[in-house]
Amino acid sequence: MKKGITIKIFLKYFALAGLLLFFSSCNKPAETEVSLNEKLDFNYSEYKSVLQINLLTLDSDLVKQDTLIQYYDTLKSFYQARNYEPVFIKSFDDKKLVDSLLIFFGNAEEHGLNPEQYHFSSIIREFHKAIDTIPNAFRYSNLANTEFLISDALLKYSYHLRYGMVNPKQIFSDTYFLPIHDSSRSDLFQPLKQENILRYLSDIQPESKRYKDLQTALKYQMRFRDYDWPAIPIPAKKIEAGAKDIIVSLIVDRLIKLEYLDTAKVKIDDFTLYDSTLVEFVKQFQVNNGLINDGVIGKSTIERLNVTPQQHINTIKLNLERFRWNNYSDTSQFILVNIPDFILYIYDNGKKIFSTKICTGIKRSPYYAERQKVYKKSRQWKDKPDDWETPNMYGEISHLVLNPTWTVPPSIMREEIAYKLKKDSTYLRDKNFKVYKNGEEIDPMTVQLADLHSDNIPYRIVQDPGAGNALGKIKFMFNNPFGIYLHDTPNRPPFNISNRAVSHGCVRVEKPLPLAEFLLRNHPSWNINYLKIEIGQKVEDKSIVSEYYKKRSSLRKYASLGETTDVILSQKTPVYIDYYTAWVDDNGVIQFRTDVYDRDKVLLNYLESKKLI
């Protein structure tokens, strides 16, 4: 397996050797085995009194030194209810527990989390001051601060591992509609009520394979963090096999750094010649970054080569956070659409059994937020910005629509239909559209352009089934408030490009028949051959064709007017439309994708502003 793209060999976790060395150096047991409590003359009552005072006043110096304290008021009430009895740090001799907890907090980096969120340095500082043999009049205060910081850290750490650092429905209020773990039903103080806190922290570590694989990928990417990473210039023209260009030497150097290319095994005679050997390595890089793997070096390939190790590290951290928001492992059969990947996957009993290219909604304009503010004030349709981005969402596919009609939304009437009619007055007629006004069908040639730009368009425009229908031959329906569905399409060229954010929000499927066949599994009446005949595709077996026509009346009992037929599925299948820009594939290969909707950018900015990452 090629270096630079596999990460399975990096499964071993790193210990916090430096931390343990520090504590062992200042806490070696004395030859007389005198405990710290004896040496420092520990007084429990005095310590408890100081803990109470600290919790009621919260030493201002502690707040200044550690601004990430989150649960002060909550913990004050918690300790008050237990008469200010400490939970974890009950004496100077609790070094072993502190060491163990610090290992968990320090290893937060393996989850893409910042250990300082969990007061890593502050706990070391306060506990070291408490147990140092140098005279210290504030020793109990330092010990009480250690107790408080550990409790605050445990609440945060436990919450973050179980639910994520943020609620995605608050960060992405208009695009995130997937189910998430309901933290409101959990006991916030559960970590503070454990008889064995170390076992509890071990038990809450995410166990899904996709999460663990991505943790390993994070360790792998950390190896490149300190590399010099100068930008490779975009070539004036695309570089194809056989070409000579000075940029090729820069690309070779980058592939070597990324460990795609091992010069000890592959001989390169001319670092400026883009030969067939280099083409294969570039193709592999393109595959792992969601590009068209044609081996041609152009703007997209160079841009991906220029992504720095730190950017990749951040991307992995963001996707670890997404993996903490939800998990599909409890669902034995489901469909996953990954927007940045532009791929639909079918999972059966935890195994990926099929995938196909898809197209998703067009990215919002960079001026979307600004125009949205204007629209909220004016409420004029002309001020409303386009919003075709496909949201993160969940549903259950309940039925198929064969030979569907397409009712054109008002927004598309204004922007696309009006534009096409202006260029060709016969467009609606030639594309099999029917037009209705006041409930009655009218001649498409009588549609007025001015009406299509009004606040209340007086027309209902419907495209009949047929070869040119925008929805193709099959719609895959699931309940959702956005009117979004999966569908076939006659528009094939977009499937040949890497960035397939080209639709009006719905998901176009390149290969709808295998998806339909999966959904029709165990159906008592329908099968894929019957479906093919119904949508006009040829089935060679004449006995099947004859059988179908004998049953057609009963099969089409849910038929709409004309050619359109609904197929009610015998079992609903979950579909998740999600957003991942980094993951590890079935071969142990790290996959990266472009942040097509800037959702990584939004999440990273938020986490950085809160010092969460």
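We did not get these values from a lab; they are worked out from the coordinates using the rules stated. These numbers come from a predicted model, not from an experiment. All Cβ positions, even for glycine, are placed from backbone atoms using ideal geometry, and neighbour counts span all protein chains on display.
Counting only C-alpha contacts under 8 Å and six or more residues apart, can you give the relative contact order of the chain as a whole percent? Reported as a whole number, the value is 16 percent. Placing a label point 7 Å from the Cα of Tyr606 along the Cα-to-Cβ line, the residues of region 154-177 whose backbone N sits under 11 Å from it are 165-176. I need the shape label for region 366-480. Rule: rounded when a/c is under 1.5, else prolate if a/b > b/c, else oblate, with a, b, c from the alpha carbon gyration tensor. Since a/c reaches 1.5 but b/c is at least a/b, the shape of region 366-480 is classed as oblate.
Cβ crowding within 10 Å ranks Phe105, Phe172, Phe120 as Phe172, Phe120, Phe105, fewest other Cβ atoms first. Helix 247-257 and the long axis of the chain differ in direction by around 50°, with both axes built from C-alpha atoms.
Length available on full extension from Ser77 to Ser398: 0.36 nm per residue minus the Cα-Cα distance, which gives 110.7 nm. Going 7 Å from the Cα of Gln65 toward and past its Cβ, which residues in region 76-92 have a backbone nitrogen under 19 Å from where you end up? Under 19 Å, as judged by backbone N against the label point of Gln65, lie 89-92 of region 76-92.
Here's the list of lysines a cross-link from Lys48 could span, going by alpha-carbon distance under 22 Å and ignoring same-chain residues fewer than 8 apart: Lys39, Lys76, Lys90, Lys95, Lys96, Lys129, Lys193.
Could you sort the peptides 550-557, 577-584 by per-residue average Cβ neighbour count (10 Å cutoff), highest mean leading? Mind dumping the intermediate values first?
Numbers: 550-557: 12.2, 577-584: 22.9.
For the peptides 550-557, 577-584, the packing ranking is 577-584, 550-557.
Summing charges over neighbours of Ser276, with a neighbour being any other residue whose Cβ is under 12 Å away from its Cβ, gives -2 when K and R count +1 and D and E count -1. For Gln333, the amide hydrogen comes within under 5 Å of the amide hydrogens of Asn349, counting only partners 5 or more places away or on other chains and with H modelled in the peptide plane. Apply the a/c threshold of 1.5 to the C-alpha gyration tensor of region 290-382 and tell me whether it is rounded, prolate or oblate. Verdict is oblate for region 290-382. Relative protection proxy for 218-226, 340-348, 587-595, from highest mean packing down: 340-348, 587-595, 218-226 (other beta-carbon atoms within 10 angstrom). As a rough guide to protection, the peptides 195-204, 279-288 ranked by mean Cβ packing within 10 Å, highest first, stand as 279-288, 195-204.
The distance linking region 90-108 with region 497-531 is 53 Å (Cα centroid to Cα centroid, whole angstrom).
Annotation: average projected area of region 8-206 is 14.0 square nanometres, based on the convex hull of Cα atoms across all directions. Were the residues from Asp455 through Arg552 laid out at 0.36 nm apart, the gain over their Cα-Cα distance would be 30.5 nm.
State the extension gain, in nm to one decimal, for the chain segment bounded by Ala236 and Glu440, taking 0.36 nm per residue of separation less the distance between their alpha-carbons.
67.7 nm
Can you give me the Kirkwood hydrodynamic radius for the chain, using every pair of distinct Cα atoms, in Å to one decimal? Walk me through the numbers on the way to the answer.
Values: mean 1/r = 0.0346 Å⁻¹.
Value: 28.9 Å, from the Cα pair sum.
Does anyone have the angle between helix 276-288 and the longest principal axis of the chain? Alpha-carbon axes, 0 to 90°, nearest 10? Taking Cα atoms only, the helix is inclined about 80 degrees.
Rounding to the nearest 10 and keeping the result within 0 to 90°, find how far the Cα-based axis of helix 139-163 lies from the longest principal axis of the chain. The angle comes out near 20 degrees.
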